[in-house]
Amino acid sequence: MGEILSPLAVELQKHPIYWFDEGSLILEVQDVHFRVHGALFQRHSPFLASTKLKKLIGTTLVTDDAHEGTMFVSCEADRGVTWRDIEILLGHMYHDFPLSSESSLERIIAVLRSTSPQQLDMPKPHAHAKQIFASYFDSRNLSEIKPEVLYEALPIARILRIMPVLKKILYHTMVVANLDPDDAEGTLSDPQKQTTASTLPALTNDAGKHQLTESDAKLCKSLMARVIDHFTPMLFTVATTGHMACTDVLADTWMTLVISPAINDGGVYKPIETLERMKGINWGEHGLCSTCVAEKCEEWSEEQEAVWAMIEKWLEDKVDI
């Protein structure tokens, strides 16, 4: 995670809140220093518990000389640890701002990222943050979430392989990103493919700048191709029923009510939305009996579940996400 140092004379920038005079551990993150209770973090972090920490000797501390003998750890920049993430993590650990279902996505992801195995490696807080992260998206209609929020959450879910969340975020990102599956180019925020498991992307306050990374865009395009292959045969095949008269109605109206709208709005790669629209059609007005309407709606609901299952299996089978 980080290199353990016994630093020479340096000036430490103390965090204004999370600097406890009685603390036994100083965390250095991007030149910001947090003085915390070492036992608390060593109890939660196998990394800190198993690392032989060095003591500060002869370090100059701004406005504070009561530091000698304190343990010190410096977080490497290439690990992606940010002082803002650590500040939010400490707010959770010290119960100033504990994570809950009401927490902002910024706070949830900050704790999720900073407690990950790639950073401070704190399994219990990490598992809790994962649960909150999943509930955040489970409790919301993803079609109403802004694209930049999806773009920001997608690499977190992908890198940490949080599959129940990943399948939903990936699908809805594919829907809102207006990607062309035949276009391999695009303005992407990660042209060097530098988003890896050890460099979890950091949140910023400028939501308008969030874009898909190259790897996420390619993953969305790959999913789009898979979804089209899966859904096209059903979409372009007229549904049948147990009643000949009702089957004739479907044959007469399928192009107008199902195929044409799907072609016009890209519904061929939006099976969840297309199937929902099909269920919402007043088929009775077009001549289907109530029994056949109920049966077809049930079939289309089952097909929606089959799409989610297909996406989940596809993700589980992919080893390069």
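Some notes on this structure:
- One residue from Glu148, Glu152, Glu144, Glu214 being modelled with pLDDT of 75 or more and loosely packed, with under 14 Cβ neighbours inside 10 Å: Glu144
- Subset tally (residues that are among the small types (Gly, Ala, Ser) and either at pLDDT 80 or above or assigned to a loop (DSSP other than H, G, I, E, B) (or both)) for region 38-81: 7
- Identification of helices (runs of 4 or more DSSP H) wholly contained in region 256-321 with 1 or more residues that are of a type in the set (S, T, N, Q) and loosely packed, with under 13 Cβ neighbours inside 10 Å yields 260-264, 290-317.
- Hey, Thr241 part of a loop (DSSP other than H, G, I, E, B), modelled with pLDDT of 75 or more and farther than 26 Å from Ser135 by Cβ or not: yes
- Any pair with Cβ under 7 angstrom, 6 or more apart, that starts in region 221-248 at a residue that is buried (at least 17 other Cβ atoms within 10 Å of the Cβ) and ends at one that is of a type in the set (Gly, Ala, Ser): Leu235/Ala262
- When Arg84 is tested against (1) within 20 Å of Pro46 (Cα to Cα); (2) at pLDDT 90 or above, just one condition goes unmet, and that condition is (1).
Each row is one residue, and each column tells you yes or no for (1) closer than 30 Å to Lys168 by Cβ; (2) at pLDDT 95 or above; (3) under 31 Å from the mean Cα position of the chain (by Cα).
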{"residue": "Val249", "(1), (2), (3)": "no, yes, no"}
{"residue": "Thr253", "(1), (2), (3)": "no, yes, no"}
{"residue": "Thr256", "(1), (2), (3)": "no, yes, no"}
{"residue": "Gly266", "(1), (2), (3)": "yes, no, yes"}
{"residue": "Thr274", "(1), (2), (3)": "yes, yes, yes"}
{"residue": "Met278", "(1), (2), (3)": "yes, yes, yes"}
{"residue": "Asn282", "(1), (2), (3)": "yes, yes, no"}
{"residue": "Ser290", "(1), (2), (3)": "no, yes, no"}
{"residue": "Ala294", "(1), (2), (3)": "yes, yes, no"}
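- Within region 129-141, the set of residues being surrounded by 19 or more Cβ atoms within 10 Å (Cβ to Cβ) and under 19 Å from Ile272 (Cβ atoms) comprises Phe137 only.
- Selection from region 118-142 of residues that are basic (Lys, Arg) and in contact (Cβ under 8 Å) with a residue 24 or more places away in the chain: Lys124, Lys130
- Filtered residue count, region 127-164, keeping only those that are in contact with a helix residue (DSSP H, G or I) (Cβ under 7 Å, 6 or more places away or on another chain) and in a helix (DSSP H, G or I): 22
The values are calculated or read from the model by the stated rules, or taken from the named source; none is laboratory data. None of the values given here were measured: they were computed from a predicted structure. Reconstructed Cβ throughout: ideal geometry from the backbone, glycine too, with neighbour counts over all protein chains shown.
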